[in-house]
Amino acid sequence: MIDLSTEYLGLKLDNPLVPSSSPLTGQLDSAKELEDAGASALILPSLFEESIEYEQKQLEHFVHSQSLGSYEAQSYQPIPDDYGSELDNYLERIQRFKNSLDIPIIASLNGISTNGWIETGKELEEAGADALELNVYFIAADPTTSGDEVENRYLQLLTDLRQHIKIPVTMKLSSQFSSVANMVLKLQQAGAQGVSLFNRFYQPDIDLETLQVKPHLELSNSNESLLRIRWIALIRDYVNISIAATGGFHNTDDIIKSLLVGADITHLCSILLQNGPNHITVINNELLKWLEENEYNSVTQMKGSISKASAINPEELEHSNYMHVIKSYNQKNKS
Ligand SMILES: Cc1cc2nc3c(=O)[nH]c(=O)nc-3n(C[C@H](O)[C@H](O)[C@H](O)COP(=O)(O)O)c2cc1C
């Protein structure tokens, strides 16, 4: 009997297939479908720092205008009894999911400032979240901000949170650090129990008719998984924290590669949005078949078996790969 189980953030999961934050993981009915199809855990959509800040400002404004008595002159809008803030709704969702599902539920916070996140982190923990993923979606657009300052923001946020909550914390990172491997190491030293490699940034587009910048969301493609696979292979042997492969995992082959280079789990998002929650069953069966055909007894046995230290040609993972690829293109075009 082949054992697909894997350990991630100290949690024992039945298999390495984990739906990452998306609208599918935010509704109980689709979350239930994901669980029934074989998802071993799920990550809720993020609670965004901006929306909590916005709500707080609205509330402060409301309380302020009441204390000034201005509501008598203006249209008075009492806070409705059933008013639920984003945070309240999020906490209620964690509790509802925990009551209805058996798989671990990982909460997700998206933001960069420490302010407020400590209290929020504690509340997520109390509501029953099994772990917390921090998605530090930060674009260093200010040229006076140095790389060190950017890294320190991540580390400070993590350190502050780790002091106040007990559940495991994992960081969903961008690949855009001068030294990704060093950043992962520093995060481990600051107490992260895991990293998710890598976050996808959505690039805004320009509308040529209105000349305005417009948001642009495109689902990933399988080719994007190669960046993740390469970096996980390079980093795996130097850290002893959990690694989730995320971004571009569209078929069972991509997922097998991520495990072979040392990922503990693979996040799935675009593929499930395209094919529906039941697609997890297809991947699960294909994964089992591959292990059987290749004589692996378990996912644990295959994990990391071709990371940098174990790869047959480790140098192919590094710079020399670039030269070979360019040369092979030139040769192909000569013939
Ligand atoms: C519609 C949509 C909503 C998403 N919402 C979130 C979110 O709330 N928080 C987050 O960290 N990632 C979010 N993501 C990113 C995904 O979790 C995932 O990291 C990304 O899509 C890359 O994985 P994929 O290639 O399998 O799609 C979202 C992605 C999509 C397409």
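The values are calculated or read from the model by the stated rules, or taken from the named source; none is laboratory data. Quick caveat: nothing in here was measured; it's all calculated off a predicted structure. Please note: Cβ atoms are built from the backbone with ideal geometry, for glycine as well, and neighbour counts cover all protein chains shown. Calculation scope for accessible area: heavy atoms of the full protein, side chains included, ligands and nucleic acids excluded. Shrake-Rupley method; radii C 1.70, N 1.55, O 1.52, S 1.80 Å.
Observations
- Residue tally, condition acidic (Asp, Glu) and within 12 Å of the chain's Cα centre (by Cα), over region 130-151: 1
- Test result for Tyr137, within 16 Å of the ligand (Cβ to nearest atom), in a loop (DSSP other than H, G, I, E, B) and modelled with pLDDT under 95: yes
- Residue under evaluation Ile94, criteria (1) modelled with pLDDT under 60; (2) aliphatic (A, V, I, L, M); (3) surrounded by 12 or more Cβ atoms within 10 Å (Cβ to Cβ), criterion not met: (1)
- Meets criteria (of a type in the set (A, V, I, L, M, F, W, C), assigned to a helix (DSSP H, G or I) and either away from the ligand (no atom under 16 Å from the Cβ) or over 23 Å from Ser21 (Cα atoms) (or both)) for Leu234: yes
- Gly10, sole failed condition from (1) open to solvent by 10 Å² or more (accessible area, probe 1.4 Å); (2) out of contact with any Pro (no Cβ under 7 Å at 6 or more places or on another chain): (2)
- Just so you know, in region 26-48 the residues that are of a type in the set (Ser, Thr, Tyr) and either in contact with a helix residue (DSSP H, G or I) (Cβ under 6 Å, 6 or more places away or on another chain) or more than 13 Å from the ligand (Cβ to nearest atom) (or both) include one that is nearest to Asp264 (Cα to Cα), and it is Ser40.
- When each of Ser5, Ser75, Ser51 is tested for being more than 16 Å from the ligand (Cβ to nearest atom) and modelled with pLDDT under 95, the lone residue that passes is Ser75.
- Figure legend. Inter-residue proximity from region 239-255: first residues under 15 Å from Ala131 (Cβ atoms), second residues polar (S, T, N, Q) and surrounded by 22 or more Cβ atoms within 10 Å (Cβ to Cβ), beta-carbon distance below 6 Å, spacing 6+ or different chains. Indicated pairs: Ala244/Ser196; Thr246/Ser20; Thr246/Ser196.
- Filtering Ser220, Ser258, Ser225 for residues that are in contact with a helix residue (DSSP H, G or I) (Cβ under 9 Å, 6 or more places away or on another chain), at pLDDT below 95 and either open to solvent by less than 40 Å² (accessible area, probe 1.4 Å) or of a type in the set (Gly, Ala, Ser) (or both) leaves a single hit, Ser220.
- Of the residues screened, Asn182 is one that is more than 11 Å from the ligand (Cβ to nearest atom) and not aromatic (Phe, Trp, Tyr).
- Conditions (1) near the ligand (Cβ under 9 Å from one of its atoms); (2) of a type in the set (S, T, N, Q); (3) over 24 Å from Pro45 (Cβ atoms); number of the one not met by Asn240: (1)
- Residue within region 183-202 that is exposed (fewer than 12 other Cβ atoms within 10 Å of the Cβ) and within 18 Å of the chain's Cα centre (by Cα) present: yes
Here's the yes/no breakdown for (1) within 12 Å of the ligand (Cβ to nearest atom); (2) β-branched (Val, Ile, Thr):
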site: Leu227; (1), (2): yes, no
site: Ile256; (1), (2): no, yes
site: Leu259; (1), (2): no, no
site: Leu273; (1), (2): yes, no
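- Top-ranked residue of region 22-44 - restricted to ones that are open to solvent by 30 Å² or more (accessible area, probe 1.4 Å) and either among the hydroxyl-bearing types (Ser, Thr, Tyr) or under 17 Å from Glu86 (Cβ atoms) (or both), ranked as nearest to the chain's Cα centre (by Cα): Pro23
- Residue within region 126-135 that is touching a strand residue (DSSP E or B) at 6+ places or on another chain (Cβ under 8 Å), in contact (Cβ under 8 Å) with a residue 40 or more places away in the chain and more than 24 Å from Thr6 (Cβ to Cβ) present: no
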